[in-house]
Number of protein chains: 2
Amino acid sequence: MKVGYLGPNGTFSEQAVLNYSKIYSDVELIQFPTIRGVLDAVENSIVDEGVVPFENSIEGVVTTTIDGLIFDDKKLYIKSEVVIGISQNLLVRSDYNGEKIERIISHPQGIAQCDKFLRENFKDTLCEAVSSTGEGARIVSESREFLASISPKRSAEIYGLKILKENIQDDSSNQTRFVVVTNESPKSLLGDKTSIVFTTDHKPGELYKILDIFAIWDINMTKIESRPMKHKLGTYCFFIDVEAENKDDLRDALKMVERKTSFFRLLGSYTRVY
Amino acid sequence: MKVGYLGPNGTFSEQAVLNYSKIYSDVELIQFPTIRGVLDAVENSIVDEGVVPFENSIEGVVTTTIDGLIFDDKKLYIKSEVVIGISQNLLVRSDYNGEKIERIISHPQGIAQCDKFLRENFKDTLCEAVSSTGEGARIVSESREFLASISPKRSAEIYGLKILKENIQDDSSNQTRFVVVTNESPKSLLGDKTSIVFTTDHKPGELYKILDIFAIWDINMTKIESRPMKHKLGTYCFFIDVEAENKDDLRDALKMVERKTSFFRLLGSYTRVY
């Protein structure tokens with residue numbers, strides 16, 4: 001069993017995939033340099049599953065992941081989810097001794113999660129986005145300038161960096177939800193959570209009609225996310241998570257949702273593993 | 001009258017603010033290095049208004065802008081909107097002659113809008129985020145390596161760059177909606193579009209109840225965006241745009257929305273100026 005995730009060593013994705021892979025006895029973990037690379041590898045069966053960040057409690061949805069699930073020609077599905085606590089830290093080279101920090105680097109989500117800290121403490125320091133929080137730490141360790149990265153603590157150990165400041169994210173209860181994606185379509189609606197995507201006709205009240213269906217069957221919608229349809233400003237596709245104890249009701253409701261939408265896809269019905 | 005926007009010269013924000021400022025006879029345009037900087041300047045009355053990108057038809061909402069409108073302690077409001085067509089181009093130094101391109105740089109939205117082009121043509125080239133599309137072009141012009149930026153055509157003129165490939169965005173009808181923000185609260189509901197933010201109790205069906213209100217008064221919801229509440233995964237704040245010809249109905253409906261939500265704020269009622 002091969003599972004892909006966003007590398008290098010020391011990313012939050014690595015932490016998520018290490019937690020997730022405990023449920024398997026024989027698993028090979030494979031790093032990719034981008035989230036897009038993980039999704040491509042799943043689509044093309046280079047790996048069996050991919051663990052990718054889906055949404056963060058401060059910065060919101062990861063657009064590469066959600067758009068991959070919604071728009072890719074080859075189909076991707078959600079098989080499971082993993083939630084981990086996220087502690088961001090300001091890391092510097094071990095020989096740092098109060099010098100001016102030239103730049104601060106991290107994944108865009110890392111930068112966004114520490115927005116308040118950066119505004120209060122590094123108002124005039126340039127922040128640059130790199131492909132992952134782990135990659136940021138790696139770059140700091142190899143740089144000749146004094147850079148800082150926003151990265152997990154684990155990155156400090158891996159790359160021999162000093163933790164200048166711990167827990168710098170805007171809210172102490174920062175969490176990220178990762179999804180486990182496969183290219184196998186879901187077989188049942190038995191999971192705790194069920195995710196769908198759909199588009200409606202571009203007419204007033206069309207989204208309301210869909211939520212009305214969930215209200216009729218007492219199905220709890222726990223998340224709604226709108227994503228642009230890309231060809232025209234103001235046209236959206238909706239991603240929705242629902243929870244329902246009565247799986248017959250859920251099946252009937254989704255049948256009705258499918259009938260009332262112009263595009264509908266069941267992304268998965270799954271249970272949190274960690 | 002002072003209007004702030006995201007610089008440097010050559011950004012799409014500059015194009016939007018140039019269009020917008022035509023409606024005034026005496027206006028001073030002031031550049032800021034980040035969107036956050038523009039919002040801060042408006043909050044602190046350093047400028048009278050700020051023109052900031054709000055959402056793009058390919059990549060979706062600009063999280064810095066929407067979170068600034070929703071969460072800032074000092075209040076920001078929307079006074080107007082401007083929509084411009086976005087054509088992204090691959091720019092290189094004028095002496096480029098087929099050398100290997102080391103890195104491609106742009107604002108994260110610029111990179112995301114050209115995702116397909118980059119995957120098809122520059123699969124193994126590192127993409128790096130910088131603070132704006134114009135800043136990307138400026139860096140290319142000053143770099144000793146062969147970099148490329150994803151930027152507006154205007155940037156090529158300003159920084160003396162060559163256009164290696166035109167219109168590289170994933171969809172030819174790429175548009176960005178900019179909002180004009182002020183720190184003055186809205187005086188009426190007379191605009192074509194009205195924007196609100198609210199949170200509901202974290203109970204099943206609460207969002208449905210709000211959309212029900214709009215359905216009762218035949219008010220057309222043209223956009224819904226959920227943003228995380230930041231302190232707990234799975235809790236959201238909603239941004240909604242509505243359009244209603246009957247302003248008395250709109251007032252009555254919003255009064256009811258305010259009553260049924262745990263937090264409510266009218267962000268603005270405004271008309272597109274360009």
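Going by the conditions given, is B:T235 surrounded by fewer than 18 Cβ atoms within 10 Å (Cβ to Cβ), polar (S, T, N, Q) and in contact with a Gly (Cβ under 6 Å, 6 or more places away or on another chain)? Judged against the criteria, B:T235 is not a match. A single entry from A:S151, A:S131, A:S172 fulfils the requirement of being over 30 Å from A:D252 (Cβ atoms), more than 9 Å from every other protein chain (Cβ to nearest Cβ) and among the polar types (S, T, N, Q): A:S151. Note on the stretch B:126-155: residues that are out of contact with any Ser or Thr (no Cβ under 9 Å at 6 or more places or on another chain) and in contact (Cβ under 8 Å) with a residue 24 or more places away in the chain total 4.
Restricted to strands (runs of 3 or more DSSP E) entirely inside the stretch B:65-144, those with at least 2 residues that are in contact with a Lys or Arg (Cβ under 9 Å, 6 or more places away or on another chain) and among the aliphatic types (A, V, I, L, M) are B:77-85, B:89-93. When A:S94, A:S87 are checked against the criterion of being within 26 Å of B:H231 (Cα to Cα) and of a type in the set (S, T, N, Q), A:S87 stands alone in meeting it.
If you go through the stretch A:179-199 one residue at a time, do you hit one that is assigned to a helix (DSSP H, G or I) and in contact (Cβ under 8 Å) with a residue 12 or more places away in the chain? No, that holds for no residue. Residues in the stretch B:176-204 that are in contact with a Leu (Cβ under 7 Å, 6 or more places away or on another chain) and among the charged types (D, E, K, R): B:R177 only. Filtering the stretch B:133-153 to residues that are crowded, with 20+ Cβ neighbours inside 10 Å, out of contact with any Cys (no Cβ under 6 Å at 6 or more places or on another chain) and closer than 23 Å to B:T64 by Cβ leaves B:T133, B:G134, B:E135, B:G136, B:A137, B:R138, B:S149, B:S151, B:P152. Would you say B:L90 is modelled with pLDDT of 95 or more and surrounded by 24 or more Cβ atoms within 10 Å (Cβ to Cβ)? For B:L90, the condition - modelled with pLDDT of 95 or more and surrounded by 24 or more Cβ atoms within 10 Å (Cβ to Cβ) - is met. Taking the criterion of being surrounded by 15 or more Cβ atoms within 10 Å (Cβ to Cβ) and without any contact (Cβ under 8 Å) to a residue 60 or more places away in the chain, no residue of the stretch A:259-274 qualifies.
Against the condition hydrophobic (A, V, I, L, M, F, W, C), surrounded by fewer than 19 Cβ atoms within 10 Å (Cβ to Cβ), more than 10 Å from chain B (Cβ to nearest Cβ) and not in a helix (DSSP H, G or I), how does A:I46 come out, does it pass? Judged against the criteria, A:I46 is a match.
Scanning the stretch A:150-160 for residues that are touching a helix residue (DSSP H, G or I) at 6+ places or on another chain (Cβ under 9 Å) and more than 13 Å from A:S87 (Cα to Cα) gives A:I158, A:Y159, A:G160.
Among the conditions (1) part of a loop (DSSP other than H, G, I, E, B); (2) at pLDDT 95 or above; (3) among the small types (G, A, S), B:A16 misses just one, which is (1). Checked against (1) away from every other protein chain (no Cβ under 14 Å); (2) at pLDDT 95 or above; (3) out of contact with any helix residue (DSSP H, G or I) (no Cβ under 9 Å at 6 or more places or on another chain), A:K193 passes all but a single condition, namely (1).
Taking A:D212 as the residue in question, decide whether it is touching a residue at least 12 places away in the same chain (Cβ under 8 Å) and not small (G, A, S).
Details: touching a residue at least 12 places away in the same chain (Cβ under 8 Å): no; not small (G, A, S): yes.
Here the answer is no, as A:D212 does not meet what is asked.
For the stretch B:3-12, the criterion of being away from chain A (no Cβ under 14 Å), in contact (Cβ under 8 Å) with a residue 24 or more places away in the chain, over 29 Å from B:S172 (Cβ atoms) and not in a loop (DSSP other than H, G, I, E, B) is satisfied by at least one residue. For B:Q113, the test of being crowded, with 20+ Cβ neighbours inside 10 Å, touching a residue at least 60 places away in the same chain (Cβ under 8 Å), touching an Asp or Glu at 6+ places or on another chain (Cβ under 7 Å) and within 30 Å of B:V181 (Cβ to Cβ) is passed. Checking each residue in the stretch A:97-108 for being touching a strand residue (DSSP E or B) at 6+ places or on another chain (Cβ under 6 Å) and not aliphatic (A, V, I, L, M) picks out A:R103, A:S106, A:P108. Within the stretch A:69-126, being within 20 Å of A:S143 (Cα to Cα) and among the polar types (S, T, N, Q) holds for A:N89, A:S94, A:N97, A:S106, A:T125.
For the stretch B:221-274, the tally of residues that are within 30 Å of A:N56 (Cβ to Cβ), within 14 Å of chain A (Cβ to nearest Cβ) and not β-branched (V, I, T) stands at 17.
For the stretch B:72-90, the criterion of a residue being over 21 Å from the mean Cα position of the chain (by Cα) and in contact (Cβ under 8 Å) with a residue 60 or more places away in the chain is satisfied by at least one position. Within the stretch B:202-235, the residues that satisfy the criterion of being outside any loop (DSSP other than H, G, I, E, B) and among the β-branched types (V, I, T) are B:I210, B:I213, B:I216, B:T222, B:I224.
Matching residues to (1) away from every other protein chain (no Cβ under 13 Å); (2) surrounded by 18 or more Cβ atoms within 10 Å (Cβ to Cβ); (3) touching a helix residue (DSSP H, G or I) at 6+ places or on another chain (Cβ under 8 Å); (4) under 30 Å from B:T125 (Cβ atoms):
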site	(1), (2), (3), (4)
B:S21	yes, yes, no, no
B:I35	no, yes, yes, yes
B:G60	no, yes, yes, yes
B:I70	no, yes, no, no
B:S80	yes, yes, yes, no
B:G85	no, no, no, yes
B:E99	yes, no, no, yes
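Can you tell me how many residues in the stretch B:201-212 are more than 8 Å from every other protein chain (Cβ to nearest Cβ) and crowded, with 19+ Cβ neighbours inside 10 Å? Steps first, answer last, please.
As a first pass, look at the stretch B:201-212 and keep what is more than 8 Å from every other protein chain (Cβ to nearest Cβ): B:201-203, B:206, B:209-210.
Next, from what is left, pick out any that are crowded, with 19+ Cβ neighbours inside 10 Å: B:210.
Residues flagged as more than 8 Å from every other protein chain (Cβ to nearest Cβ) and crowded, with 19+ Cβ neighbours inside 10 Å within the stretch B:201-212 amount to 1.
The values are calculated or read from the model by the stated rules, or taken from the named source; none is laboratory data. Values in this document were obtained by computation on a predicted structure and should not be read as measured data. Quick reminder, even Gly has a Cβ in these numbers, built from the backbone with ideal geometry, and neighbours come from all protein chains shown.
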